[in-house]
Amino acid sequence: MNLHEYQGKKILAEHGVNVQRGYVISDKNDTLDIANKLIKETGTGWFVVKAQIHAGGRGKGGGVKLAKSLNELENIVSDILGMYLVTPQTSKDGKLVNQVLITEDVYYPGESEPEEFYVSILLNRVTGKNMIMYSTEGGMDIESVAENTPELIFYEDVDPLIGILPFQARKIAFNLGLSGKAFKEMTKFITLLYKSYVSSDSSLFEINPVLKTSDEKIMAVDAKVTLDDNSLFRHKEYESWRDLKEENPVEIEARAVGLNYVDLDGNVGCMVNGAGLAMATMDLIKQSGGEPANFLDVGGTADAKRVETAFRLILKDENVKAILVNIFGGIVRCDRVAQGIVDAYNNMGDTINIPIIVRLQGTNAEIAKDIIDNCGFKVYSAIEFQEAADKIQELV
């Protein structure tokens, strides 16, 4: 579950992390009230307006702007609210901006120049540890830094059973070239950031940039946070933060009926039981010359109603040219799945106008093959992976 910047900053602030202060609005008429509130609380004279969408690169698309007066602030908020913001991480149509974050300006003049750093925390699946990735090149696309100057990216693995140790926080501050007050501030920042990551059951915390202000304070100017959906039962408040306007409507519909669905960009729809088999099925599709259009795990109860619902979800994607059903009959019998597919096909009538490849392996697989072969529909059966692959090549 992805969070907006202002929500991620709220988690950080709750754990003692220094953040750029601000308030989110969805109505431009609230602009001056928020501005005056920030002036009173922070003394700021300039303001930063940030579009709140689930995509990076907002500044490049005109979704982050500096206002140097209240009049300019009103105009910027009016321009950004309601716009379709196109960034390198959105489609060509962009995303509708329903709310903006108005923050204090923290790039104020001082004895030294402000500096920007990159810090993120995520799971290192190779080592089984949490990994802090950081760089002196804050404010830039980390992908570009990794490609062009990989030596400027540092990594620190943290044992989740022990947590971050003081020497590790100091090592990070040292590698970022800090000293004095800023060094101490960064060690504190890193320690509290890690605490925020663990306490919120997040799968990603990305702060880009982490700012060293001209008076050597360290603060989070941005916050990209992804929560682990499996932990939301422990965080009822976070569950209420889900912004359905920012999510794929098909994925929302699938979640509502208990299906695990992820939309992709390919041309072959997948219906599988079990996440591991689903990943193997997507590999099979690619090796056969196709591209998977989705990840869809129907679970262990692939009855007619569930299969029909899955078909309807897949067919919402106009790019899908064929559907591959790959079911292992362990918990569920293959013949019941086959009958469910036939019943679903009957119920949907002319809605299904593309070929369906059905691979059923396991309990009663031969009976299931007979049901599929004799159903009279545009459904092709397969027992082995290679058969399914050949059919994909032939049809797609």
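We did not get these values from a lab; they are worked out from the coordinates using the rules stated. The structure presented is a predicted model; accordingly, all values stated were derived computationally and were not measured. Methodologically, a virtual Cβ is constructed for each residue, glycine included, from the backbone with ideal geometry; neighbour enumeration extends over all protein chains shown.
Got a sec? Which residues in the stretch 319-344 would a label at Ser91 touch, if it sits 7 Å along Cα→Cβ and we count backbone N under 15 Å? Residues 319-320 qualify, since their backbone N sits under 15 Å from the label point. Scattering from the stretch 21-105 was approximated by placing one identical point on each alpha carbon and applying the Debye formula without solvent; log10 I(q)/I(0) at 0.16, 0.18, 0.21 1/Å stands at -0.54, -0.67, -0.88. Farthest towards the positive end of the charge dipole of the chain, among the residues Met133, Gly290, Gly63, is the Cα of Met133, using unit charges on the Cβ of Lys, Arg, Asp and Glu. How far, in degrees from 0 to 90, does helix 166-175 lean away from the longest principal axis of the Cα atoms of the chain, to the nearest 10? The two axes meet at around 80 degrees. When each of the peptides 255-268, 53-66 is scored by how many other beta carbons lie within 10 Å of its residues on average, the order from highest to lowest is 53-66, 255-268. What GluC sites (Glu not before Pro) does the stretch 21-112 have in DSSP loop regions with at most 16 other beta carbons within 10 Å? Answer by residue number: Glu111. Short-range pairs are left out: with C-alpha atoms under 8 Å and at least six residues apart, the relative contact order of the chain is 12 percent. The label point for Glu41 and the one for Glu72, both projected 7 Å from the Cα toward the Cβ, are 2.3 nm apart.
Could you compute the FRET efficiency for Leu123 and Ser240, with r as their C-beta to C-beta distance and R0 at 22 Å, rounded to 0.05?
Values: r = 25 Å, r/R0 = 1.14.
Step by step, r from the Cβ atoms, then E = 0.30.
Here the label points at Phe377 and Glu14, each 7 Å from Cα along the C-beta direction, are separated by 4.6 nm in the simple model. Once the chain from Lys195 to Lys316 is taken as fully extended at 0.36 nm per residue, the excess over their C-alpha distance is 39.4 nm.
Evaluated over the stretch 248-395, the count of Lys pairs having alpha-carbon atoms less than 18 Å apart is 8 (only pairs 8 or more residues apart or interchain).
Once you keep just the Cα pairs under 8 angstrom separated by 6 or more residues, what percentage relative contact order results for the stretch 21-105?
Dividing the mean separation by the residue count of the stretch 21-105 yields 43 percent.
Go ahead and set up a Gaussian network model of the chain, Cα springs under 10 Å, then flag whichever of Asp370, Asp141, Asp157 fluctuates most. Checking each option, the largest mean-square fluctuation is seen for Asp370. The long axis of helix 275-287 is offset from the longest Cα principal axis of the chain by roughly 80 degrees.
For the stretch 95-184, which trypsin sites (Lys or Arg not before Pro) are both in a DSSP coil and crowded by at most 14 other Cβ atoms within 10 Å?
Working: sites: Lys95, Arg125, Lys129, Arg170, Lys171, Lys181, Lys184; in loops: Arg125.
Here the trypsin sites (Lys or Arg not before Pro) that fit, given the DSSP loop and packing criteria, are Arg125.
Extension gain for Glu247-Asp30 works out to 75.5 nm (0.36 nm per residue, less the C-alpha to C-alpha distance). Quick check: Cα centre of the stretch 299-358 to Cα centre of the stretch 29-49, how many Å? About 54 Å separates the Cα centre of the stretch 299-358 from the one of the stretch 29-49. Adding -39500 (n - 2.57) for every DSSP H run of four residues or longer, then dividing by how many residues the chain holds, sets the calculated 222 nm ellipticity at -11000 deg cm²/dmol.
The slack between Glu147 and Asn347, meaning 0.36 nm per residue of separation minus the straight C-alpha distance, is 66.9 nm. The mean sequence distance of close C-alpha pairs (under 8 Å, at least 6 residues apart), as a share of the length of the stretch 251-381, puts its relative contact order at 23 percent.
Excluding Ala293 itself, calculate the net charge of residues whose Cβ lies under 15 Å from the Cβ of Ala293, where each Lys or Arg counts +1 and each Asp or Glu counts -1. Mind showing how you got there, number by number?
On the way: positive: Lys286, Arg312, Lys316, Lys321; negative: Glu251, Asp263, Asp265, Asp283, Glu291, Asp297, Asp317, Glu318.
Once all neighbours under 15 Å are counted, the net charge is -4.
Seen from all sides and averaged, what is the projected area of the convex hull of the Cα atoms in the chain, in nm²? Numbers along the way, then the final one.
Working: hull surface 89.4 nm².
Averaged projected hull area, Cα only: 22.4 nm².
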